[in-house]
Amino acid sequence: MLKELILKNRSCRGYAQTPRPTEEELKELADCARLCPSASNRQPLRCRLVNDQAECVALQAATRWGGALRELHLPYPGTEATAFLVLCYDSASAKDSPMLRIDTGIAAQTVLLRATEMGYSGLMIAAFEPDGVKRALTLPEGFEPVLVIALGKGAETIVLEDRADGEERAYWRDEKGVHHVPKVPLEKFIIR
């Protein structure tokens, strides 16, 4: 069951506009992040839920998607995320440290696996303008965004494929818009 979720949990850059994650569903995802392990149990993360359409549009403008496909200007109009979770830390009680990054990764992957289980797709976005995110969401003073997670009902086809030796590792889209994600083959992944 977990491996099925891992295989279904792909970085999605195109969403149907309905159904939209509800406030209750976003709270469920935030609760999953809250319950994750944390280095020294410091629990530096806080979560801002975003499903108001105007806030989604403003937040979308502060993010950049698909760095390997810049020429496509993703997401395409009409396929924007319909909700977001923004992971933040309180700068008064936590500093941006390697442990904060690890906690963020654990929380984000947990959120995305639960979202997949709920029938949604998502995308971790580290390419964002911190001040733009703060303005879009009017975050309280002292809260710094560390990761934006886009959410919604996925509306694209994503295919995993083993890559050959020396083959490019960047993801790509074919003429039908199918998103291809080359992965290191298992026998090359394992060090002997």
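The values are calculated or read from the model by the stated rules, or taken from the named source; none is laboratory data. In this text, all values refer to a predicted model and were calculated from it rather than measured experimentally. A quick note on method: Cβ atoms are made from the backbone with ideal geometry, for glycine too, and the neighbour counts reach across all protein chains shown.
General observations
- Residue satisfying condition, being surrounded by fewer than 19 Cβ atoms within 10 Å (Cβ to Cβ) and either assigned by TED's automatic domain parsing to the domain that holds Phe128 or not acidic (Asp, Glu) (or both), within set Leu74, Leu59, Leu5: Leu5
- Looking across the range 77-95 at every residue that is surrounded by 13 or more Cβ atoms within 10 Å (Cβ to Cβ) and modelled with pLDDT under 95, the one that is nearest to Glu24 (Cα to Cα) is identified as Tyr89.
- The set of residues in the range 8-29 that are more than 22 Å from Pro75 (Cα to Cα) and crowded, with 19+ Cβ neighbours inside 10 Å comprises Glu25, Leu29.
- Qualifying residue in the range 41-54 (condition: under 16 Å from Gly105 (Cβ atoms), surrounded by 18 or more Cβ atoms within 10 Å (Cβ to Cβ) and hydrophobic (A, V, I, L, M, F, W, C)): yes
- Among the residues of this structure, Leu113 does not count as one that is modelled with pLDDT of 95 or more, within 26 Å of Glu80 (Cβ to Cβ) and touching a Lys or Arg at 6+ places or on another chain (Cβ under 7 Å).
- Hey, Arg13 over 20 Å from Pro140 (Cα atoms), at pLDDT below 95 and either in contact with a Pro (Cβ under 8 Å, 6 or more places away or on another chain) or in a helix (DSSP H, G or I) (or both) or not: no
- Under the condition of being surrounded by 10 or more Cβ atoms within 10 Å (Cβ to Cβ) and among the small types (Gly, Ala, Ser), the residues counted in the range 165-192 number 2.
- So Thr63, is it over 16 Å from Phe128 (Cβ atoms) and among the hydroxyl-bearing types (Ser, Thr, Tyr): no
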